[in-house]
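Below you'll find the structure, written out as structure tokens, and then a few comments.
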Amino acid sequence: MSESSYKGDSPGKKVTRLRLWLNIRAMFRALKTPYVGTLVLAGEGGDLSVLKAMGTDLTTVVAIDYDPFLIEWCSELYPNVLSLVGEAGETSEVADYNIAHLDFCGGIRKAANIVTFAKVARNMQTHPALIALTIQKCREGASALGPSRLLADVPRATQERLFKQAQESGDQVGAHIFRGNRFDSRFVLSHSEARLRSMLPINETTIKRGFYRPRGLGNLGHALIRADAMRWCAEWLLAAWGTPEPIVLRLIGTYTYHSETKHDHGQPYLTALYAVVPKTAEQSVMAALDAVRIQRFDSWDKKASRSGLKPTALELAKHIPHIQVAQMLDIEHVRIEDWVVEGVGGTAPFSIEDLIQIPWSGFKFNG
């Protein structure tokens, strides 16, 4: 039996996960990037179900998990997927991929999450690449493991050099990381918040969109500063480890949702999407994405998260075979049929037609 405390996917998670993969596909096509492969955390196969429904060649997919039970589970359900037991950051060294999604427990307080995220970004085979991150919007604070876990692979001389570099450039987050004290995610978040406020003014529109409340940050604002904090820390680790050429991560999408269900109060989550690019190619990649206007930054509250599954399924069912809709949302096929008969489902929480390119002709990344 698995030792995981995982309780299954909420409606909000199912819809957000599908939206993420549809957006990844749209961005890959916009960038005209050759597809190499995909890396995901195995879990109970939620990402794998979506990828199969999208027509992905599952022999190009690697699923990793530290729990042998979950790897056995995924191996039985998806025998063509390369399923590996291990820590994702270390195990990614043997995988060929330029798309990844890491669905973590906890937030950025856990230094191990930052290290794994940075290692998976470092081991991308080609660029530009895309990496997505799902984490809880939970309480942050000092890491229980101190500085050793975050900087375990960084020689002392490199730490001292980058500490001096961060100080000279006025980058207080970098200085905090390499000072050698216990890593405190609250410190990083405070600087990410200051950065957000310097770039995005508080006005009626940004309050309505959820970036801000009249006093403080809104749901989307809290998500953005966590997504930016992860980027900030990961870029410094990439610099410390060294790459053939400087690599940057650019935040190109953020969605918030709540995991509440009929039987569980749930927690707030965020899913962030980043482009992983060489510094020299950053401007051209971002210009290509800006031109197609497919970057999304949206926030769903409890109500929207719980009620979005049925209308999303019904909207997809107008264009796509029902069996594939069921796979994409990781629900039973019979539920789709019942919902179609009922015929009333509300409004889907995102624009499906923008992402599936009607008339539908398949979902492969570069098909």
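Observations on the structure shown:
- Segment 222-286, relative contact order [Cα under 8 Å, separation at least 6], %: 32 percent
- Cα gyration tensor shape of segment 135-204, rounded if a/c is under 1.5, else prolate or oblate by comparing a/b with b/c: oblate
- Using distinct alpha-carbon pairs, which all enter the 1/r mean, Kirkwood radius of segment 251-365 in Å: 16.3 Å
- Counted by neighbouring Cβ atoms within 10 Å, the residues Met286, Met54 run from fewest to most as Met286, Met54.
- Of the trypsin sites (Lys or Arg not before Pro) found in segment 270-367, those that fall in a DSSP loop while having at most 14 other beta-carbon atoms within 10 Å are Arg293, Lys318, Lys364.
- Packing-based ranking of 326-333, 13-20 yields 13-20, 326-333, ordered from highest to lowest mean Cβ neighbour count within 10 Å.
- A cut-off under 12 angstrom between Cβ atoms defines the neighbours of Ala313, and their net charge, with Lys, Arg +1 and Asp, Glu -1, is -2.
- Cα pair distances exceeding 16 angstrom across segment 14-72, given as percent: 47 percent
- Sites matching chymotrypsin sites (Phe, Trp or Tyr not before Pro) across segment 221-287 that sit in DSSP coil, with at most 16 neighbouring C-beta atoms within 10 Å: none
- Take the Cβ atoms of Tyr66 and Ala281, set R0 to 22 Å, and the FRET efficiency comes out at 0.05.
- Averaging the Cα positions of each part gives two centres, and for segment 324-348 and segment 166-189 these lie 48 Å apart.
- Value of relative contact order over segment 121-221, rounded to a whole percent, pairs C-alpha under 8 Å and six or more apart: 21 percent
- Cα-based shape type of segment 108-235, given that a ≥ b ≥ c are square roots of the gyration tensor eigenvalues and the cut on a/c is 1.5: prolate
- Computed on the Cα atoms alone, the convex hull of the chain gives a volume of 145 cubic angstrom per residue.
- Of all lysines in the structure, the ones whose alpha carbon falls short of 22 Å from that of Lys310, not counting any fewer than 8 places away in one chain, are Lys7, Lys13, Lys14, Lys52, Lys262, Lys302, Lys318.
- Over the chain, relative contact order from alpha-carbon pairs under 8 Å, at least 6 apart, %: 21 percent
- Our helix-only sum for the chain, with -39,500 (n - 2.57) per DSSP H run of n ≥ 4 divided by its residues, gives a mean residue ellipticity at 222 nm of -13500 deg cm²/dmol.
- Trypsin sites (Lys or Arg not before Pro) lying in DSSP loop within segment 30-129, provided at most 12 other Cβ fall within 10 Å: Lys32
- Against the rule of thumb 2.2 N^0.38 Å, how large the Cα Rg of segment 1-111 comes out: 1.05
- Report note on the peptides 199-209, 155-165: ranked by the mean count of other C-beta atoms within 10 Å, highest first, their order is 155-165, 199-209.
- Note on segment 251-310 and segment 55-86: Cα centroid distance 25 Å, given to the nearest whole angstrom.
Coordinate-derived values only; no laboratory data. Keep in mind the model is a prediction, meaning the values are calculated, not measured. When we count neighbours, we look across all protein chains shown, and the Cβ atoms used for this are built from the backbone with ideal geometry, even at glycine.
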